[in-house]
Amino acid sequence: MRPWEPDLDQEQALASILRMKTYLRLLNIFYRNTLISEMEYRLNFWANIALSLFWLSWASLSVRVYFFQTDEIAGWNYMELLIVMGLFFAMNGYRQMILEPNLSRLSEYVRLGTLDYILTKPTNSLFLVSFRHIGVFNWIDPLLGLVLAGLALRNLGHIPTMGQLLLFVVLMIAGMVLMYSFNLALQTTTFWLVNIEQADTLVQGLLETGRFPVEFYRGWIRTMLTYFIPVAFMTTFPAQALLGRLSWSFGLVASGLALLALLAAISIWKFGLRFY
C-alpha cells in the first residue's frame, strides 16, 4: 500500500466509533428530555419509588411463609431465594424501563402508519424503535433488586469472588439480551397481525415465573423455562453464579445463546419490514 493511500480497516474502525458516539449522544438526548418532562411531576416520581419499595418488601416477606416448616425448598433456602427475587425485580425493572415503553408501541406505529416517520430517519430504525423512550419511574427498580440480592448474600456470609461476579454480569447481560430478543420477535408479528397490544402482558407473565428458582418447577414446565423460553437465564442462573454454583463454560453457552437469539430477532425484524 502506498503511503498516501488510506487504510480501509482504520477508516471502518473510525466510522464504527463515530456511529457509536452518535447513538450514545442520541440516547443522552432522548433520556434527558424524558427525565426533564417527567420530573415536572415530582410527587408522582417519589410515589413510584415508595411503591417499588413496598412491593419489594411485600414480596420478600410473603415468601417467608414457605419456610416456616422447612429450611430448604428444592435446594434453596430463604436467603438464596431472596437473591433470585432481587434479580427478578431488577429484570422486571429493566423490562418496564426500556422494553415496555418502546417495543410495545410498535403495534401503534404500524396501525397508525407512524412507522413511516421512523423509517425515514437517518438513524437505524430498530435503534429508534427499541430505545427512543425510557420509563423514568422504574429506574430505581433494578437498583433495589440488586440491593436486595446484595443484602441476602451478606446475610449468607458469602462474598462472591471476582470470577463469580464477572460471570454474574455476563449472565445478566445475556438474560437482558434474551428478553429483548424474545420481546422484539413477538412484537414484530404486528406486521402481520396488526394489533398485538397485549404482547407485553405475555412477556410479563412469562417473566413472573422467574420470581422463583427454576428448580421449583417440575416436568415439562421446568424444561420449557430452561430451554425454550429461557426465563432461567434471567434470574436463576445469575443467582447461581453469585453463589458459586456455575462454571465459566455456562457463561459461554449463555453468551452464545443470547447472540443467536439477537441475530434471529433482528432477522425477523428485517423480514417483517418487507410486509409493512
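Kindly provide the set of residues from region 39-62 that are within 24 Å of the chain's Cα centre (by Cα) and within 30 Å of Arg218 (Cβ to Cβ), ordered by number.
Result: Trp55, Leu56, Ser57, Trp58, Ala59, Ser60.
Looking only at region 126-143, count every residue that is touching a residue at least 60 places away in the same chain (Cβ under 8 Å) and of a type outside the set (Lys, Arg) and tell me the total.
Residues that pass the stated criteria total 10.
Could you grab me the full set of residues in region 82-113 that are among the basic types (Lys, Arg) and open to solvent by 30 Å² or more (accessible area, probe 1.4 Å)?
Once the filter is applied, which keeps residues that are among the basic types (Lys, Arg) and open to solvent by 30 Å² or more (accessible area, probe 1.4 Å), region 82-113 yields Arg105, Arg111.
Filter region 152-164 down to the residues that are assigned to a helix (DSSP H, G or I) and aliphatic (A, V, I, L, M), then identify the one that is surrounded by the fewest Cβ atoms within 10 Å (Cβ to Cβ).
For region 152-164, the residue satisfying everything is Met162.
Taking the conditions exactly as written (open to solvent by 20 Å² or more (accessible area, probe 1.4 Å) and not hydroxyl-bearing (Ser, Thr, Tyr)), does Ala47 satisfy them or not?
Spelling it out, Ala47 is indeed open to solvent by 20 Å² or more (accessible area, probe 1.4 Å) and not hydroxyl-bearing (Ser, Thr, Tyr).
Please find, among Met79, Met39, the residue that is farther than 16 Å from Pro142 by Cβ, open to solvent by less than 60 Å² (accessible area, probe 1.4 Å) and modelled with pLDDT under 85.
Testing whether each residue is farther than 16 Å from Pro142 by Cβ, open to solvent by less than 60 Å² (accessible area, probe 1.4 Å) and modelled with pLDDT under 85 leaves just Met39.
Name every residue in region 227-239 that is open to solvent by 20 Å² or more (accessible area, probe 1.4 Å) and free of Cβ contacts under 8 Å to residues at least 24 places away in the same chain, in order of residue number.
Tyr227, Phe228
Quick one: which of Glu108, Glu80 is farther than 30 Å from Phe275 by Cα and over 19 Å from the mean Cα position of the chain (by Cα)?
Glu80
Does Asp116 fit the bill of being surrounded by fewer than 14 Cβ atoms within 10 Å (Cβ to Cβ) and closer than 30 Å to Phe275 by Cα?
yes
Taking the condition without any contact (Cβ under 8 Å) to a residue 12 or more places away in the chain, open to solvent by 40 Å² or more (accessible area, probe 1.4 Å), part of a helix (DSSP H, G or I) and over 30 Å from Lys270 (Cα atoms), does Leu146 pass?
no
Anything in region 145-164 that is of a type outside the set (Ser, Thr, Tyr), over 17 Å from Phe88 (Cβ atoms) and out of contact with any helix residue (DSSP H, G or I) (no Cβ under 7 Å at 6 or more places or on another chain)? List them, or say none.
Arg154, Gly157, His158, Ile159, Met162, Gly163 - these are the residues of region 145-164 that are of a type outside the set (Ser, Thr, Tyr), over 17 Å from Phe88 (Cβ atoms) and out of contact with any helix residue (DSSP H, G or I) (no Cβ under 7 Å at 6 or more places or on another chain).
Confirm whether Leu61 is modelled with pLDDT of 80 or more and either farther than 18 Å from Phe212 by Cβ or among the β-branched types (Val, Ile, Thr) (or both).
So Leu61 does not fit the description; no.
Taking the conditions exactly as written (surrounded by 21 or more Cβ atoms within 10 Å (Cβ to Cβ), modelled with pLDDT of 90 or more and either closer than 20 Å to Pro238 by Cα or touching a helix residue (DSSP H, G or I) at 6+ places or on another chain (Cβ under 7 Å) (or both)), does Gly175 satisfy them or not?
Answer is yes for this residue.
Which condition does Leu193 not pass, out of (1) open to solvent by 30 Å² or more (accessible area, probe 1.4 Å); (2) modelled with pLDDT of 90 or more; (3) not charged (D, E, K, R), if it passes all the others?
Answer for Leu193: the failing condition is (2).
Please identify the pairs in which a residue from region 11-31 that is at negative phi and surrounded by 10 or more Cβ atoms within 10 Å (Cβ to Cβ) has its Cβ atom under 6 Å from the Cβ atom of a residue that is of a type in the set (Val, Ile, Thr) and modelled with pLDDT of 80 or more, counting only partners at least 6 apart or on another chain.
If the second residue must be of a type in the set (Val, Ile, Thr) and modelled with pLDDT of 80 or more, the pairs left are Tyr31/Ile134.
Restricted to region 245-276, and to residues that are among the aromatic types (Phe, Trp, Tyr) and more than 30 Å from Phe191 (Cα to Cα), which residue is most open to solvent (accessible area, probe 1.4 Å)?
Once the filter is applied, the top-ranked residue is Trp248.
The values are calculated or read from the model by the stated rules, or taken from the named source; none is laboratory data. Remember, predicted model here, so these are calculated numbers, not experimental data. Glycine also receives a Cβ, built like all others from the backbone with ideal geometry; neighbour counts cover every protein chain displayed. In case anyone asks, the SASA skips ligands and DNA or RNA and just uses the protein heavy atoms, side chains included. Shrake-Rupley method; radii C 1.70, N 1.55, O 1.52, S 1.80 Å.
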